[in-house]
1. For residue 67, state whether it is within 13 Å of residue 93 (Cβ to Cβ) and either surrounded by 17 or more Cβ atoms within 10 Å (Cβ to Cβ) or within 12 Å of the chain's Cα centre (by Cα) (or both).
2. Go through segment 103-154 and tell me which strands (runs of 3 or more DSSP E), entirely inside it, have 3 or more residues that are farther than 26 Å from residue 27 by Cα and β-branched (Val, Ile, Thr).
3. State whether the residues of segment 157-165 include one that is at pLDDT 55 or above and small (Gly, Ala, Ser).
4. So which helices (runs of 4 or more DSSP H) stay within segment 1-94 end to end and still have 1 or more residues that are modelled with pLDDT under 90?
5. Which one is surrounded by the fewest Cβ atoms within 10 Å (Cβ to Cβ), of the residues in segment 97-107 that are closer than 17 Å to residue 138 by Cα and free of Cβ contacts under 8 Å to residues at least 60 places away in the same chain?
6. Given (1) aromatic (Phe, Trp, Tyr); (2) in contact with a Phe, Trp or Tyr (Cβ under 6 Å, 6 or more places away or on another chain); (3) more than 25 Å from residue 138 (Cα to Cα), where does residue 82 come up short, assuming only one miss?
7. Kindly evaluate residue 55 against the criterion of being within 19 Å of residue 37 (Cα to Cα), surrounded by 14 or more Cβ atoms within 10 Å (Cβ to Cβ), among the acidic types (Asp, Glu) and in contact with a Phe, Trp or Tyr (Cβ under 7 Å, 6 or more places away or on another chain).
8. Just give me the residues in segment 129-154 being surrounded by 13 or more Cβ atoms within 10 Å (Cβ to Cβ), more than 16 Å from the chain's Cα centre (by Cα) and within 28 Å of residue 9 (Cα to Cα), in sequence order.
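The values are calculated or read from the model by the stated rules, or taken from the named source; none is laboratory data. Computed from a predicted structure; not experimentally measured. All Cβ positions, even for glycine, are placed from backbone atoms using ideal geometry, and neighbour counts span all protein chains on display.
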Amino acid sequence: MIGYHNDYYMKMYAEGTDFQNFVLKVLEEEFAWMIRAHNTDEEQVTIGENSAGFEVKYDKKFRDTGNLWIECQERSNTKLPYSPAGIFANDNAWLFIMGDYKTLYIFSKKQLKVECEKRRKIINHMDTSIGFLLPIKDADHLILHVININTKKEEYIKEETKNGT
């Protein structure tokens, strides 16, 4: 989320940015898609995360929980009202790519919105995000594509460093 400046959110933002760069590299290697990330606050708010309209979400807990967290609303602190986010963000996203460094799940934003209406919404532990849990075992009808990454994260990162990107 744009606007956070404490250590926790800066760490999460950095992890998310690293993961997005990793995903863009995987998409380039797997499908020859050259996608430019939008890294400034202004670009992310006015356009979206990248030029292709993919929202990228790093979910480092899903292997332990069996669920993907689908965000619907967010706020920067508990004194502010919630605003649309994630699948309800008003940006160029039409696909959601979620997962970790081993598996990526590709979803239609439109289908996740429909699924949201069927699911119980919950508030995260910090009271800054509202969303729903999507069990991977129940998500087959929603997943457009799965990318199982056979290489190590470090190999993509080394390749990026070697190429100067």
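1. no
2. Per the criteria, no element qualifies.
3. No, segment 157-165 contains no residue that is at pLDDT 55 or above and small (Gly, Ala, Ser).
4. Qualifying helices (runs of 4 or more DSSP H): 7-31, 41-46.
5. 103
6. Unmet for residue 82, out of (1) aromatic (Phe, Trp, Tyr); (2) in contact with a Phe, Trp or Tyr (Cβ under 6 Å, 6 or more places away or on another chain); (3) more than 25 Å from residue 138 (Cα to Cα): (2).
7. yes
8. Those that are surrounded by 13 or more Cβ atoms within 10 Å (Cβ to Cβ), more than 16 Å from the chain's Cα centre (by Cα) and within 28 Å of residue 9 (Cα to Cα): 149, 153.
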